[in-house]
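Here the structure is laid out as structure tokens; the discussion comes afterwards.
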């Protein structure tokens with residue numbers, strides 16, 4: 001089953017890459033563990049940034065500077081400039097394929113201000129922006145006849161290593177969830193677009209249960225490098241009881257943050273790391289924290305923020321037209337990921353990565369709100385075009401049988417693991433440990449305690465296997481494999497966080513409050529050699 005370009009993941013980044021690879025003449029196959037319309041992209045509610053020239057005080061240069069400031073000194077300026085300069089064309093392209101952006105009275109694309117922005121720059125579709133983009137991309141892929149396979153769980157990448165310095169990709173192996181069989185898919189080029197890893201925080205995350213870092217873990221095992229894994233963005237406003245996201249658009253429209261005394265305690269449109277810390281400090285004082293949008297009025301809320309009202313009513317039994325919304329800050333977006341170059345390619349030839357799973361060095365220590373949807377369009381195009389170009393000149397041999405055999409043997413061993421320890425309980429436990437020790441505020445003692453907990457789970461893994469030994473639709477097995485990947489990434493996050501002995505953006509060390517540019521204005525790099533994790537710093 002060979003294709004020119006194999007795309008793993010069918011969220012916004014994967015679908016943009018698929019469209020552009022197809023239009024570049026490549027035979028494209030998209031494989032995903034769930035279904036495209038369930039991607040995390042649908043949770044990007046607030047908007048997509050682009051300096052369209054509609055606001056007199058906005059410009060591409062302002063967008064660049066806002067992004068660099070938010071990144072706290074470790075974004076790559078060339079990459080940021082490419083992102084921001086490409087933004088107007090990216091939005092125009094989305095508009096041309098049918099994304100139903102909200103409009104002004106004179107029919108221009110409506111824009112709002114999100115945290116950290118100096119002007120109204122986020123183009124939006126009410127508060128469903130990511131969802132509308134995702135559905136439009138999916139419709140476009142179907143119209144182009146792009147092949148999509150669902151319910152395939154990524155096991156490993158197929159790499160060929162003639163020598164240690166010239167490894168190249170040859171495809172990937174998957175567990176067909178429906179049949180229980182291991183399948184291999186050969187490809188000249190592979191694009192990993194599997195999303196982030198913030199479900200390592202378990203219930204303390206706005207993300208779906210599928211955001212388990214499968215792509216990052218597979219790339220790490222294959223010899224690719226991860227970078228900046230310690231930088232995890234906490235969204236300021238999630239519902240207190242459920243961690244369901246309340247979009248930044250609610251604050252962009254003029255919502256207030258209040259404590260139990262009814263006092264506003266921070267600038268609601270400051271960068272996310274600052275607002276999340278301010279909320280955390282209030283909670284540490286024993287205060288409740290609330291989002292107040294009552295003054296915006298029912299007509300405005302139902303027109304511009306309908307989803308936020310529905311979510312608050314459904315999950316918190318609160319009607320924000322009349323009541324304040326209890327909120328907290330939880331893990332939302334992972335700035336770190338698979339290290340890629342200016343072509344979206346990893347250090348393995350033919351292996352590309354894009355979207356939240358990748359690190360294009362445009363977010364640095366703190367992502368600017370509205371840049372995630374932009375990133376997946378701009379770099380999705382780049383990855384798709386470059387992967388197709390690479391595939392056209394690919395002339396190497398591909399052999400997947402050995403990897404399939406290794407994966408079949410591994411799954412057989414996993415089913416023989418005992419289950420005297422419940423991995424679901426351990427997943428919840430490590431999520432709590434991460435939220436408390438590797439969350440908005442961290443220190444060396446807490447980080448080392450968390451790492452010890454991870455090491456203990458790694459040793460106990462053979463005692464916490466899946467209880468279900470069946471073959472067909474064994475979701476218990478899939479969730480165990482996800483847990484294995486999450487624990488692998490937990491180690492990377494912690495080792496990088498311990499090594500970064502400073503506070504920078506989302507990585508806030510209460511024991512080392514200052515940002516240290518002399519030593520740490522650099523990116524952490526994590527890589528494996530013979531199963532051992534190593535870390536380093538690189539410019």
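When the residues of the range 18-55 are filtered to those that are at positive phi and surrounded by fewer than 24 Cβ atoms within 10 Å (Cβ to Cβ), which remaining residue is modelled with the highest pLDDT? So the residue we want is 25.
Kindly provide the set of residues from the range 19-59 that are part of a helix (DSSP H, G or I) and closer than 18 Å to residue 95 by Cβ, ordered by number. Passing the criteria: 19, 20, 23, 41.
For the range 434-452, filtered to residues that are under 24 Å from the mean Cα position of the chain (by Cα) and part of a helix (DSSP H, G or I), the residue that is surrounded by the fewest Cβ atoms within 10 Å (Cβ to Cβ) is 436. Which residue, of 410, 429, is within 26 Å of residue 7 (Cα to Cα), out of contact with any helix residue (DSSP H, G or I) (no Cβ under 6 Å at 6 or more places or on another chain) and surrounded by fewer than 24 Cβ atoms within 10 Å (Cβ to Cβ)? Of 410, 429, the one residue that is within 26 Å of residue 7 (Cα to Cα), out of contact with any helix residue (DSSP H, G or I) (no Cβ under 6 Å at 6 or more places or on another chain) and surrounded by fewer than 24 Cβ atoms within 10 Å (Cβ to Cβ) is 410. Among the residues examined, residue 325 does not qualify as in contact with a helix residue (DSSP H, G or I) (Cβ under 7 Å, 6 or more places away or on another chain), surrounded by fewer than 24 Cβ atoms within 10 Å (Cβ to Cβ), in the same structural domain as residue 259 (by TED's automatic domain parsing) and over 29 Å from residue 504 (Cβ atoms). Could you grab me the full set of residues in the range 492-515 that are within 17 Å of the chain's Cα centre (by Cα) and either free of Cβ contacts under 8 Å to residues at least 24 places away in the same chain or assigned to a helix (DSSP H, G or I) (or both)? The answer is 492, 493.
Of the residues examined, residue 399 is one that is within 29 Å of residue 477 (Cα to Cα) and outside any helix (DSSP H, G or I). Which one is farthest from the chain's Cα centre (by Cα) among residues in the range 62-103 that are more than 29 Å from residue 19 (Cα to Cα) and assigned to a helix (DSSP H, G or I)? Per the criteria, the residue is 62.
For residue 394, the conditions (1) outside any helix (DSSP H, G or I); (2) more than 23 Å from residue 65 (Cα to Cα); (3) touching a helix residue (DSSP H, G or I) at 6+ places or on another chain (Cβ under 8 Å) are fulfilled apart from (3). Step by step: first the residues of the range 520-532, then only those that are at pLDDT 95 or above and over 22 Å from the mean Cα position of the chain (by Cα), then the one that is surrounded by the most Cβ atoms within 10 Å (Cβ to Cβ). Which residue is that? The qualifying residue surrounded by the most Cβ atoms within 10 Å (Cβ to Cβ) is 520.
Can you confirm whether residue 114 is surrounded by 24 or more Cβ atoms within 10 Å (Cβ to Cβ) and in a helix (DSSP H, G or I)? Here the answer is no, as residue 114 does not meet what is asked. Going by the conditions given, is residue 420 closer than 29 Å to residue 180 by Cα and in a loop (DSSP other than H, G, I, E, B)? When the stated conditions are applied, residue 420 passes them. The criterion of being modelled with pLDDT of 95 or more, over 30 Å from residue 63 (Cβ atoms) and in contact with a strand residue (DSSP E or B) (Cβ under 8 Å, 6 or more places away or on another chain) holds for residue 318. Note on the range 432-458: residues that are in contact with a helix residue (DSSP H, G or I) (Cβ under 7 Å, 6 or more places away or on another chain) and farther than 26 Å from residue 281 by Cβ amount to 3. Does the range 254-264 contain any residue that is under 27 Å from the mean Cα position of the chain (by Cα), part of a loop (DSSP other than H, G, I, E, B), buried (at least 18 other Cβ atoms within 10 Å of the Cβ) and not assigned by TED's automatic domain parsing to the domain that holds residue 489? Taking every residue of the range 254-264 in turn, at least one turns out to be under 27 Å from the mean Cα position of the chain (by Cα), part of a loop (DSSP other than H, G, I, E, B), buried (at least 18 other Cβ atoms within 10 Å of the Cβ) and not assigned by TED's automatic domain parsing to the domain that holds residue 489.
Within the range 7-18, being out of contact with any helix residue (DSSP H, G or I) (no Cβ under 6 Å at 6 or more places or on another chain) and closer than 18 Å to residue 91 by Cα holds for one residue alone: 14. Number of residues in the range 411-433 that are touching a residue at least 60 places away in the same chain (Cβ under 8 Å) and either more than 24 Å from residue 173 (Cβ to Cβ) or under 29 Å from the mean Cα position of the chain (by Cα) (or both) equals 8.
For the range 265-276, the candidate set comprises residues that are in a loop (DSSP other than H, G, I, E, B) and touching a residue at least 60 places away in the same chain (Cβ under 8 Å); within that set, the residue that is nearest to the chain's Cα centre (by Cα) is 271.
Among the conditions (1) over 18 Å from residue 418 (Cα atoms); (2) in contact (Cβ under 8 Å) with a residue 24 or more places away in the chain; (3) surrounded by fewer than 18 Cβ atoms within 10 Å (Cβ to Cβ), the only one that residue 489 does not satisfy is (3). If the condition is being crowded, with 18+ Cβ neighbours inside 10 Å and assigned to a helix (DSSP H, G or I), then the range 279-295 contributes 279, 280, 282.
The values are calculated or read from the model by the stated rules, or taken from the named source; none is laboratory data. All of these numbers come straight from a predicted model, not from anything done at the bench. Cβ coordinates were reconstructed from backbone atoms using ideal geometry, including for glycine residues, and neighbour counts include every protein chain displayed.
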